[in-house]
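The values are calculated or read from the model by the stated rules, or taken from the named source; none is laboratory data. Because the structure is a prediction, the values reported are computed rather than measured. Here Cβ is always computed from backbone atoms with ideal geometry, including for glycine, and neighbour counts include all displayed protein chains. These area figures cover heavy atoms from the full protein model, side chains too; ligands, DNA and RNA do not enter into them. Shrake-Rupley method; radii C 1.70, N 1.55, O 1.52, S 1.80 Å.
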Amino acid sequence: MWAVRMEKITKRFGPVVANDAVDFEVAPAEIHCLLGENGAGKTTLMRILFGLYRKDAGEIYVDGKPVSFSGPRDAIAHGIGMVHQHFMLAGRLTVTENIVAGAEPRRGVLLDYAKAREMVREVSERYGLKVDPDAHVESISVGQQQRVEILKALLRGAKVLILDEPTAVLAPQEVGDLFDIMRRLKEGGTTIIFITHKLKETAAISDRVTVLRDGRRVATMNTADASPADLAELMVGRQIVPPARKGHSPDGKVVLELQNVSVRGGLGAGARTGGAGGKARLNNVSLQVRSGEILGIAGVEGNGQLELEEVIVGLRKPTSGRVLLNGRDITRLGPRGIRDMGVACIPSDRLRRGIVDSFSVAQNLILGEQTSAPFAASGILQPRKIVEHAAKIVNMFDVRTASLDQPVGSLSGGNQQKLVVGRELSRGPNLIVAAQPTRGLDIGATDYIHRQLLAMREQGKAILLISAELDEVRALSDRIAVMYEGQIVALRPAEEFTERDLGLLMAGQGVGVAS
Amino acid sequence: MREILDVIFDINNVTATIRMATPIALAAMGGAFSERSGVINIGLEGMILTGAFCGVLGSYISGSPWLGVLFAVVGGGLMGATLAVFAIKLKADHVVSGVGLNILALGLTSWLMQVLWKNRGTSVSVNGLPMFSIPVVRDVPVLGTILGTHSPLVYMMLILIFLGWVVMFKTPLGLRIRMAGEHPEAADTVGINVHAVQYFSVILSGCLAGLGGAYLSLAQLNWFSMNMSAGRGYMALAANIFGQWNPIGGLGASFLFAFTDALQMRIQTSPIKLPTDIIQMLPYILTILVLAGAVIRSRPPAALGRHYESGRAA
Amino acid sequence: MGTREGDLSRGPAARVVRRAAGWLARPGVSDIAYSAVAVLLALVIGAILIAASGYSVIDAYANLFDGAFGSIYNLANTLMMATPLLFTGLSVAVAFQCGLFNVGAEGQLYVGGLASAVVVLVLGPAVPGVVRVLLALVAGALAGAVLAAGPGYMKARLGAHEVITTIMLNYVGILLTTFLVKTYLKEPGPVDQTPLLPVGARLPELIPGTRVSWGIVLGVAAVVAVDYILRRTSVGYEIQAVGRNAAAAEYAGVNVPGRIVLAMVMSGAIAGLAGSSVVMGTLYRFITNFSPGYGFTGIAVAVLARNKPWGVLPAALLFGMLQSGGMSMQLFARIPADLMTLVQGIVILFVAAPALASMFLARSRFGARTGGRG
């Protein structure tokens, strides 16, 4: 008997069919990989199982019995737990508060904190998930936050645990720890559904694998029987040839230079979660980006990449150190002045910082250029020039939109990103700061953006690529700098790093020498 | 100079401060509950006003000021429910609907006052609440002057503030409220009904503001007058922010506002000759200064003002 | 976004229906359709209240409509009432375009009105009337702008919520003008007011013999100017970008605090002109507490206009109508005009609720609206 069986599940969002009559079965106490590209419908399917989305059609059976969930509460009652890709944790509440909320132990009308703390301690010891029950969630590491999420599910009696892309936020060594935890849980009888798009992880941990593509199931098999190449083809449905990177000319002139840049202190403009005040967010960072090269910044997110991006584009003033562009000091110039010097920026947080979603496509394509010729003349906008420009970019960068007047918020994520990339690359920049340029995009759009960045490199632009995707950094970069806790712990030509080196460096187990 | 100091450091100012803080602190606690659950409550002003009106109405109909207080709580709660429906169910912008509610409350109370009592400006006088003395405390020298004799609503306010603090920080309900305002998706995924929690909080905030209104019309005075809340709802919101969304902090901030108000009234009856119009500006200017100074260090609930719909999580 | 299919058959008649339905489903048009419904609903609730209070609904609304446009004189009265609302509505709308809620138009119009009166009275007859009028208008706008700049600055630099600061400044503005009039400018007599402005230094009547002044023309000119600034200038683009997504605007190099202050200054200047238009074109003097809440009605005007400059025009006319009609309702049917305040509140609530709008529009098969104010 299956622990969970989903039968002919269909889910539509407006005109988009996210799940198209998907069948899915999981055996008790197995680790089952749900493999697929971004947008293949993996998360949607699991959110239906967890009661977050209502299915439009289909049946769900848990332990052989048909069930109908009207919300997560029902799913939890049936022993289903889910750890979401974006953690469902309130940063300002404590670990204990986050774990017991919704199922609080009581003493009279009051919440029994002592008992709650004890419960957390007990479960965390049983599964070897160490966390401080009294810490505020925003003050602990991402890996620990993930443990809090797992504890939350276990404490609610989860028999089936869904993990949505759990490795995306972890350093390679932390992934090992997570896999150990998963194996222990499995031995204890917990069924695990592991959502991922990474083949290596699938092979490393799962018993069986189900591949989704374009909202449909394309295969289910024993992991042992599947070769990575088979899985890749099943997942993508076509062959993707990685773009070729031509040889590196190491003697281009220095375009961007950071000299001993440090950022300290509390919450800045871009800080999303508060850490300990006064902690260094960037610590003595020095680097150079030359024309005709891509410098990749590797690292687990939250190790100073956001601050680095903000310092270079002028949103944040470093507490010490200098930033030079073509030899000129731009440390205190501000975003306007820096842009005017020919710096293009693809922000890491596209929705929040890259577009104005209620503005039209045409309006968004002049964002940042709204005061410059030819789009404005003495402060007056030039509609004809704006529309011509928009038509050109939409065409060149293959932005799929019904019209130029369409609000950008109605485009897909991939098309929004192409719009941002097109806008920034078409400005004729001499430095491109590309932060997480392919996050959340499907393989086609990712490939397209990679090719654009490489084309810019051919044209002799200097490119700083900040990415949490190690594969992306390795595929595109001429040189790689690894960031850990606000420091650059290694900076070398890309060929000189093995994947293992990078993994260790990203986890802070430095074998390299800071340069 | 001597005169001015005498006026400022008069012990009666302290007594008056506690008294005048009552409506602001109650409404500020209402604001704390509403905003901790994620709903911005600009409508406190209208809720106080409605409470003040309903208090007089209840006393007018029944002759009992205590029934009037009950009316005020229910009336304020109904205003809270209205805001809740618009801000939560109908996804109206919280700030716009709050201001709309205030205008609606002003129109409704002015209209009903004229319909019922045929007078624009003030209502008839009704039975107000009697004063209450604490037997032993009233005889203690300084403490007796400050705390010995007050309207029962003042004591009720002090008790409610403490209870409110307990509910917010020491009970499962309080945890759920804080979770809803910090991270509604997180609350939803552990089976907390976010909307139910928000409805409860916003309606409760209306009840508290309504009780504050009853203080104005049944304890401080014993009649209703047009727009008698006079900006106290906005002051309460500022007090709530200054008090870091904590009922006790809000009480502290309310004392600050109430003190200038007390001082302002004290100056008007003192030998110091300052134009009344200028003196009356004091509390308003203080509110602005407090807000300008407080906000930069304050951190509102993370999901404040957002609309959340279960099943649409990003 | 998608077009609706399936429920309409083929044929020319169907095509007309489809086209009409498509036209009504366009965001702008469905907004207008829904706004009209919101106003009607508010009036229906008003009617229920009138009936419940023991008045005759027919009597009330007959007087309301007669008072609004029963005669040339009443129509002129409506236009007179609409004039300050044109300014205050536009003032609130401009701020909204930058994501700011200026609830302080009331205070701003008081200081604007007094500044205009002072300039006219101080300059004296040696200065030509036209010059005095122009300078008085400039002074009115400046005074309003100054009172609004403070909250703008505190919002931009400190994050202090502008709703609270502008409301508080309403009280300050009203008390301050009262103090100034009582202390320095009072005409002898029981009322706290300034002396009359000389005939040559007023806003002239637009239609002789009525109380409609050139103020309404100024108001329309302001609508045209604001519309142009928002749609066709770089500054307007930046103001809207800040209002819709300040983080993206900042990333793109927009001076966000600067634009916030500018939007508040524009908003305050326009609200100041509302005061000037009343003082110079209607009352011909500054009277303390003269405004029946033009600043607050301006919020209803802006919300109903969905913060579009051109939308302010019909919305201001509508509320001008309700106000002048409300007065005659009070005068002739003895029904308190405060009902109109209530109607304003209801209109704001209804129009602000996008889910309500899409419920209505979906039911009437016009298609669904997508979202409300960001």
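Remarks
- Inter-chain Cβ neighbour count for A:64-76, averaged per residue, equals 2 (cutoff 10 Å, partner chain atoms only).
- Taking the helices alone, the protein assembly as shown has a mean residue ellipticity at 222 nm of -16500 deg cm²/dmol, built from -39,500 (n - 2.57) per DSSP H run of at least 4 residues and averaged over all its residues.
- For the chain pair B and C, the buried solvent-accessible surface (1.4 Å probe, both sides summed) amounts to about 4000 Å².
- The range A:4-236 - percent of accessible surface contributed by carbon and sulfur, probe 1.4 Å: 49 percent
- What a 1.4 Å probe finds exposed on the range B:204-287 is 68% carbon and sulfur by accessible area, rounded to a whole percent.
- For the range A:254-506, DSSP calls about 60 percent of its internal beta bridges antiparallel.
- Summed buried accessible surface, chains C and A, 1.4 Å probe, nearest 100 Å²: 2100 Å²
- The DSSP beta bridges internal to the range A:4-236 are antiparallel in roughly 55% of cases.
- Nearest-ten-degree value, helix C:105-123 long axis tilted from longest Cα axis of chain C: 30 degrees
- For the range C:122-274, the C-alpha radius of gyration divided by 2.2 N^0.38 Å, with N the number of residues, is 1.27.
- Summary of the geometry: the range B:240-314 and the range A:196-240, compared by the centres of their Cα atoms, lie 59 Å apart.
- Seen from all directions on average, the range A:254-506 presents a Cα convex hull projection of 13.2 nm².
- Cα-based Rg of the protein assembly as shown normalised by 2.2 N^0.38 Å, two decimals: 1.00
- Hull volume per residue, based on the alpha-carbon atoms of chain C and their convex hull, is 172 Å³.
- Across C:Leu180, C:Leu230, C:Leu339, mean-square fluctuation computed from a Gaussian network of chain C (C-alpha pairs under 10 Å connected) peaks at C:Leu180.
- Trypsin sites (Lys or Arg not before Pro) within the range B:185-292, DSSP loop, no more than 11 other Cβ atoms inside 10 Å: B:Lys273
- Zone residues, the range B:242-281, relative to B:Leu173, backbone N less than 13 Å from point 7 Å out along Cα-to-Cβ: none
- Chain-alone versus full-assembly comparison, the range B:267-292, residues with accessible loss of at least 10 Å² (1.4 Å probe): B:Pro275, B:Asp277, B:Ile278, B:Gln280, B:Met281, B:Tyr284, B:Ile285, B:Thr287, B:Ile288, B:Leu291, B:Ala292
- Note on A:Gln288 and B:Val74: their simple-model spin labels are 8.1 nm apart, each label 7 Å out from Cα toward Cβ.
- Helix C:215-232 axis versus longest C-alpha principal axis of chain C: approximately 50°, rounded to the nearest ten.
- Within a Gaussian network of chain C (alpha carbon springs, distance under 10 Å), most fluctuating of C:Leu304, C:Leu109, C:Leu313: C:Leu313
- Other-chain or far-sequence residues with amide H under 5 Å of A:Tyr484's (modelled H): A:Val489
- Cα pair distances of the range A:4-236 binned at 10 Å [whole percent]: 8, 32, 36, 19, 5, 0
- Highest-MSF residue in chain C out of C:Val224, C:Val191, C:Val146 [GNM, Cα springs under 10 Å]: C:Val191
- For the protein assembly as shown, the solvent-accessible area with a 1.4 angstrom probe is 39 square angstrom per residue.
- Within the range B:6-66, chymotrypsin sites (Phe, Trp or Tyr not before Pro) in DSSP loop having at most 15 other beta-carbon neighbours inside 10 Å: B:Phe9
- DSSP bridge orientation in the protein assembly as shown - percent antiparallel, rounded to nearest 5: 60 percent
- Whole-percent pair-distance distribution, where bins are 10 Å wide, for the alpha carbons of chain A: 4, 17, 26, 26, 18, 8, 1, 0
- Taking the protein heavy atoms of chain C in the context of the full set of protein chains, the accessible area attributed to carbon and sulfur is 68 percent at 1.4 Å.
- Tail weight of P(r) past 21 Å, computed on alpha-carbon pairs of the range C:293-362, percent: 31 percent
- Within the straight-line cut-off of under 20 Å between alpha carbons, the aspartates and glutamates reachable from A:Lys65 are A:Glu7, A:Asp23, A:Glu25, A:Glu30, A:Asp56, A:Asp74, sequence neighbours fewer than 8 places apart in one chain being disregarded.
- Once the Cα gyration tensor of chain B is diagonalised, semi-axes √(5λ) in Å: 32, 23, 19
- Nonlocal amide H pairs with A:Val263, under 5 Å, H built at 1.01 Å: A:Arg281, A:Leu282, A:Asn283, A:Asn284, A:Thr319
- Long hydrophobic helices in chain B, taken as whole DSSP H segments with a C-alpha length of 18 Å or more on their own axis and mean Kyte-Doolittle hydropathy at least 0.5: B:11-36, B:44-62, B:65-84, B:94-117, B:152-170, B:194-214, B:247-268.
- Taking all protein chains together, A:Arg500, A:Arg184, A:Arg106 sort by accessible area into A:Arg500, A:Arg106, A:Arg184, largest first [probe 1.4 Å].
- In the B-A interface, the accessible area buried, summed over both sides, Å² (probe 1.4 Å): 2300 Å²
- Subset of A:Lys11/B:Lys91; A:Lys152/B:Lys89; A:Lys115/A:Lys159; A:Lys246/A:Lys418; A:Lys8/A:Lys55 violating a 19 Å alpha-carbon distance limit: A:Lys11/B:Lys91; A:Lys152/B:Lys89; A:Lys115/A:Lys159; A:Lys246/A:Lys418
- Only lysines eight or more places from C:Lys182 in sequence, or on another chain, were considered; those with a Cα closer than 21 Å are B:Lys273.
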